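The values are calculated or read from the model by the stated rules, or taken from the named source; none is laboratory data. Source: prediction; values computed, not measured. Note that each Cβ is placed from the backbone with ideal geometry, even for glycine, and that neighbours are counted across all protein chains shown.
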Amino acid sequence: MSRPFYADIIVSMLINLLRSRLAVVFLAFLIPIVPVSANPFLERSSWAARGSILYFAADNGKVGADPAAVLPSLGGTFSYKFNNYLSLEFTEDFYMKNYEYNSELQYAMACNPENRSALVIGFITGLQLTYSLPIGRTGFGLRFFAGPGIDLRIVVLAAGLKHPADFTGNIETDARLQTEAIRKYFWSEGRWFYPVAGIGADYAISEKFVLGLDLRVWFPLYRQSADQHLPAIDGWRFGAGFRIAPRNAGIGRKKTVEQVNQNVNQDTVYQPIIVHPVIEQPQEQFYPDEHEYEYTDEHLDEYIEYNDDIENDVYYEYDEAT
């Protein structure tokens, strides 16, 4: 009984992962966001899920190639907030695309399925600094972000290649030789380095979530020293997509009681406390000599004032003794 084609793909992915510098580069991007203390780190952390359409610009001029590679992508973001405006984000975008190798140009190019030699599984990984700007109190806000990025590509032999010419030993037609050449091409001369910049807009769709639109561009800086014989547009990447994320206090959400308590000036007379909206009974005291109970009204020296502008019933206590 023969193995299914996807078993070979999985095994090849694992082998390539161990052989390449993928794991080392991936860990290097994770080091800056490792928390020192778990609880404070999680309190400032958030997430977002994203779906995008990616455009890999190219103009290779070969029949059968794909000069306008447009493909769907799924991704996500893990962010750490320094304050209500500035955050550090770790992003990941996943895609898959068929490729072939042009030996004349020494160039790996996206292609139509019928001309495929290799399947490229990409993980566009970024570490970006994001500035969030709330607009009014309507739940709308803008985001501006930029940072380094890398494309962690796993290159495997495309499935379903059964034509005898696929394995002739000639790189023009041999899919195995082309797959090796594509892998070498992507991991040489810095072709994996893709800084990113973009702008986004978020709008609160409920009390718990915001829906956002992102526009991004990846810069092929490796073109300064590599592939200079190719058209200038080659290597550029563009992306547009939607994201959904939990709401935060920086974009159109009223502050919580805990945030109010943290921001109140401790030198003022009014000190915030959380109490239940019920009238407390007078304090009970016991006198042993008379064997009876008596109530005092010392608690009446304190006055409770309710602030209607803050949710969750925040009360303020005022003591005449101060």
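Among the residues of the range 123-159, those identified as outside any strand (DSSP E or B) and at negative phi are R137, T138, P148, A158, A159. Which members of the range 91-115 meet the condition of being at pLDDT 90 or above and either in a helix (DSSP H, G or I) or not aliphatic (A, V, I, L, M) (or both)? Matches in the range 91-115: T91, E92, D93, F94, Y95, K97, N98, Y99, E100, Y101. Just so you know, in the range 227-245 the residues that are surrounded by 14 or more Cβ atoms within 10 Å (Cβ to Cβ) and among the aliphatic types (A, V, I, L, M) include one that is modelled with the lowest pLDDT, and it is L230.
One residue stands out in the range 44-66 among those that are at pLDDT below 90 and among the hydrophobic types (A, V, I, L, M, F, W, C): the one that is farthest from A146 (Cα to Cα), namely V63. Taken as a whole, the range 67-80 holds no residue that is at pLDDT below 90, in the same structural domain as G235 (by TED's automatic domain parsing), assigned to a strand (DSSP E or B) and hydroxyl-bearing (S, T, Y).
Exactly one residue among E207, E189, E172 is on the phi > 0 side of the Ramachandran plot and not in a helix (DSSP H, G or I), and that residue is E189. Looking across the range 99-142, just one residue is surrounded by 14 or more Cβ atoms within 10 Å (Cβ to Cβ), among the hydroxyl-bearing types (S, T, Y) and free of Cβ contacts under 8 Å to residues at least 60 places away in the same chain, and that is T130.
Going residue by residue through the range 151-172, is there one that turns out to be at pLDDT 95 or above and closer than 30 Å to L133 by Cβ? Yes, there is a match, as at least one residue in the range 151-172 is at pLDDT 95 or above and closer than 30 Å to L133 by Cβ.
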